[in-house]
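The values are calculated or read from the model by the stated rules, or taken from the named source; none is laboratory data. What you are looking at is a predicted structure, and each value in this text was computed from that prediction instead of being measured. Cβ: placed from backbone, ideal geometry, glycine included. Neighbour counts: every protein chain shown. Note: accessible area is taken over every heavy atom of the protein model, side chains too, but ligands, DNA and RNA are not part of it. Shrake-Rupley method; radii C 1.70, N 1.55, O 1.52, S 1.80 Å.
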Amino acid sequence: MAVSDVVISFIVLVAIYGILSYGLTLKYGHTGLLDFGHVGFFLVGAYTSVLFVLPPDEPGDFTAYVFGLGDVPVVGTWVVGIAVATLLSGIIGGLVALPTIRLREDYLAITVLGVSVIFQRFIQAESWFANGPDALRGYSPPLKSSFPLLLEGQVGLPFLGVSLPATPLLFGVITAVVWGVALVVLAGERDRGSPLPVSTLYLVGSFGLSTLSQPGGPLRNRAQVAATGGVVAAALMAVLLAVADLILLVGVLVSTFTWIVMVAVLARQLGRLTRREWLSGLALGTGFLVALLPIPYADAVSVKVAGSLLLLGIVIGGFYRGVRSLDWFAAAKVQIIGVAALWFVAIWYFVIPMVGPLSGGQPGSALKALVQNLVWILAFGGDVGVDYIVAVVGDLTVQVDYQRFLLAGFVLCMLGAYYLLELTARSPFGRVLRAVRNDEDVVRSLGKDPFVYKIQSMVIGSALAGFAGALWAMYTQGLTFVTFAPRVTFIALLIVFIGGPNNNKGTILGAAVFWAFQQATTQIASFFPPALRVNVVAFRLVVMGILFLIVLYYLPDGLLGKANYSTPGRADETRTPQQEGGVAARADGGDDE
């Protein structure tokens, strides 16, 4: 498996858990409601959506569930299932909140935790409802049968009764999302002083459509430019695929554009750092890489563990000493960690896959590994695909797998949920929620009922959890009750606290940090004997708890700090606590405590 495939799965999981954690960001970060039972609504969304797409239950097939609507036209589709799952989760969240919302924070948390455990035990005990303790399977994600995309494949359009070439159509959907997201990022970089010609890149990448984004013009904002530019890019790539079957060329074009956008972002971020700051980051990242070397290269388990722990202790101790003794180091510690993480990921993504082939005297295989990771939007290898012969690189088997399609859909869902949450946070409703969090008496004095706003926050936050649950069901293609244990809520809370309790953008960062840790520990465990791998994976729960305590103690406002939502403004506006206002901000729902 190429490293790019691992990254695709990583981003998909970040999207699901990002949406799940959005619900807690709204409940706790913006309203002050501590909901330890958030996973219960995640469960409701997952099982509800699956019951809509499953066929009717057949006795004797060793699977039992209360009903299946998959054979009902229109109703038995993922779109309807996800919509109903989201709505039902929100309604149940409101019903649970009605008798419990007046409780004090700790009692509220314990009560909703009990409700979520009841939901889980109901699924486990009542075999007639959703197959009890056994996995609920027998459903497929949408359009799964059309993948991997090959040049001769066809896909049927629902309700129209026609079929179109699958590769141009579905790859066009992937291109539209990826290209549109890249354009949104480029639009944001134009105003931030990047050393690269970002305006020119934006003009070219949007096919000149950015010139139409003027007051009174046909494209009113950068979101419309990005959406239109993504559609144009998708149409061009679809034409190339339909006319000339150039799937590798199309993959190279789309992937190259995303890498250019990433370089533009990193150039601005690194350009803000001093030389000693980014050199410190490189040293820290290299130190972590060296500290992990005993794990793959040492033979004895004791040497693997003791050697890595000793080296990690030295690296972490050096970092801690730098924070305590150097003012500039302490002020830039987050940036230094960011550079270290970037350097570590770059070596893992580009260099390590080439080490094995190069050491074996196979430069062609090393170049092939590099190409696979650069052209990330395509999957390479396998028994099925389109074969190419590339100079120096050699034979390549190319396809577009279902994971890329899920990536496009789930990222689009995550960004859509983020946009709606931003609108909510910056609206008068969002400011009242934060005022409720800070002081309910002030809200009552202004003629608002805190009880009503808390109920509404629970409904919206629970609906987001249900939406994430439906996406989780689609991703896993099978549900078991153990997946929805209370620890999922605490994982979501950890994600919220890592990025910032009331920072919507920080939730995405927190999800990325958490799943990067999960992926890293899973890969580290693969170097241990099979009998010890379970223990290594289980030990990360201890590390996770320690990480939670460190974040709460040293970074109570998260990595990105507090976001200023007290007045309408740009979605990327973030301020430190010192920059936010005082009593006036607290009175109208500002973010000062």
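So if R0 is 35 Å, what FRET efficiency would V263 and V542 give, r being the distance between their Cβ atoms, rounded to the nearest 0.05? Could the numbers behind the result be given before it?
Values: r = 38 Å, r/R0 = 1.09.
Plugging the Cβ-Cβ distance into 1/(1 + (r/R0)^6) gives 0.40.
I need the shape label for segment 1-85. Rule: rounded when a/c is under 1.5, else prolate if a/b > b/c, else oblate, with a, b, c from the alpha carbon gyration tensor.
Details: a/c = 2.33, a/b = 1.40, b/c = 1.66.
Cα axes put segment 1-85 in the oblate bin.
Kindly report the accessible area of segment 457-505 per residue (heavy atoms of protein chains, probe 1.4 Å, no ligands, DNA or RNA), in Å².
22 Å²
Please give the peptides 515-521, 32-38 ranked by average Cβ packing (other Cβ atoms within 10 Å per residue), highest first, as a rough proxy for protection. Could you put the intermediate results ahead of the total?
Details: 515-521: 16.4, 32-38: 24.4.
Top to bottom by mean Cβ count within 10 Å: 32-38, 515-521.
Once a ≥ b ≥ c are taken as the square roots of the eigenvalues of the Cα gyration tensor of segment 273-381, is the result rounded (a/c under 1.5), prolate (a/b larger than b/c) or oblate (a/b not larger than b/c)?
Values: a/c = 3.20, a/b = 1.47, b/c = 2.18.
It comes out oblate by the Cα gyration axes.
Carbon and sulfur together cover what percent of the accessible area of segment 273-381 at a 1.4 Å probe radius? The partial results should precede the final answer.
Values: 4310 of 6020 Å².
Taking all protein chains in place, segment 273-381 shows 72 percent carbon and sulfur surface.
Go through segment 278-290 residue by residue and turn each phi into a ³J(HN,Hα) via Karplus (6.51, -1.76, 1.60, θ = phi - 60°); whole Hz please, and just put x for glycine and proline.
These are the phi-based 3J(HN,Hα) values: 6, 5, 5, x, 4, 5, 5, x, 5, x, 5, 5, 5 Hz.
Calculate the dipole size of the chain relative to its Cα centre from +1 charges on Lys and Arg beta carbons and -1 charges on Asp and Glu beta carbons; express the result in debye to the nearest 20.
On the way: 35 positive and 34 negative charges, 301 e Å.
So the magnitude is around 1440 debye.
As a test of reading the structure, rank L87, L240, L149 by solvent-accessible area (1.4 Å probe, protein chains only), most first.
Order by accessible area, largest first: L87, L240, L149.
What are the ³J(HN,Hα) values, in whole Hz, obtained from phi via the Karplus relation 6.51 cos²θ - 1.76 cosθ + 1.60 with θ = phi - 60°, for each residue of segment 108-122 in sequence order, with x given for Gly and Pro?
Values, residue by residue: 4, 4, 5, 5, 5, 4, x, 4, 5, 5, 4, 4, 5, 5, 4 Hz.
What's the ranking of 246-258, 288-300, 476-488 by average number of surrounding C-beta atoms within 10 Å, highest first? If you can, show how the numbers build up before the last one.
Details: 246-258: 18.7, 288-300: 14.9, 476-488: 17.1.
Listed from highest to lowest mean packing, they are 246-258, 476-488, 288-300.
In Å², what does the accessible area per residue of segment 273-381 work out to with a 1.4 Å probe? Provide the component values of the computation, followed by the final result.
Values: 6020 Å² over 109 residues.
Accessible area per residue, segment 273-381: 55 Å².
Karplus couplings for segment 254-266 from phi (6.51 cos²θ - 1.76 cosθ + 1.60, θ = phi - 60°), rounded to Hz, Gly and Pro as x?
Running phi through 6.51 cos²θ - 1.76 cosθ + 1.60 with θ = phi - 60° gives 5, 5, 4, 4, 5, 5, 4, 5, 5, 4, 4, 5, 5 Hz.
If one computes the Cα centroid of segment 518-562 and of segment 11-72, what distance in Å separates the two points?
25 Å
Please work out the FRET efficiency for the pair F429 and I316, using the Cβ-Cβ distance as r and a Förster radius of 45 Å; give the result to the nearest 0.05. Don't skip to the answer; put the middle values down first.
Values: r = 43 Å, r/R0 = 0.97.
Efficiency at R0 = 45 Å is approximately 0.55.
Would you tell me the accessible area of V305, worked out with a 1.4 angstrom probe on the heavy atoms of the protein chains, in Å² to the nearest 10?
Counting only protein heavy atoms, V305 exposes about 60 Å² to solvent.
Just the number, please: carbon plus sulfur as a percent of the accessible area of segment 150-270, 1.4 Å probe, no ligands or DNA/RNA counted.
Values: 4160 of 5850 Å².
Roughly 71 percent, rounded to a whole number.
If you place +1 on the Cβ of every Lys and Arg, -1 on the Cβ of every Asp and Glu, and leave all else neutral, what size is the dipole of segment 150-270 about its Cα centre, to the nearest 20 Debye?
Computed charge dipole of segment 150-270: roughly 440 debye.
With the other protein chains left in place, how much accessible area per residue, in square angstrom, belongs to segment 150-270 at a 1.4 angstrom probe? Don't skip to the end; give the middle numbers.
Numbers: 5850 Å² over 121 residues.
Accessible area per residue: 48 Å².
For the residue pair L212 and V75, what label-to-label distance in nm results when each label sits 7 Å from Cα along the Cα-to-beta-carbon direction?
Simple spin-label model gives 4.2 nm for this pair.
Under 1.5 on a/c is rounded, so check that first for the chain, then, if it is not, pick prolate when a/b is larger than b/c and oblate when it is not; a ≥ b ≥ c are the square roots of the alpha carbon gyration tensor eigenvalues. Walk me through the numbers before you get to the answer.
Working: a/c = 1.25, a/b = 1.09, b/c = 1.15.
Rounded shape, in that the Cα axes give a/c under 1.5.
Between D387 and R220, what length comes free when the chain is fully extended (0.36 nm per residue of separation minus the Cα-Cα distance, one decimal in nm)? Write out the running numbers ahead of the final one.
Working: separation 167, 0.36 × 167 = 60.12 nm, distance 4.36 nm.
Taking 0.36 nm per residue and subtracting the Cα distance, the gain is 55.8 nm.
Using a simple charge model, +1 on the beta-carbon of Lys and Arg, -1 on the beta-carbon of Asp and Glu, nothing else, what dipole does segment 273-381 show about its Cα centre, in debye to the nearest 20? Could you put the intermediate results ahead of the total?
Numbers: 7 positive and 3 negative charges, 35 e Å.
The calculation lands at about 160 debye.
For segment 393-520, which whole percent of the accessible surface, found with a 1.4 angstrom probe, sits on carbon and sulfur atoms? Write down the numbers at each step before the final one.
Working: 2780 of 4110 Å².
Its accessible area is 68 percent carbon and sulfur atoms.
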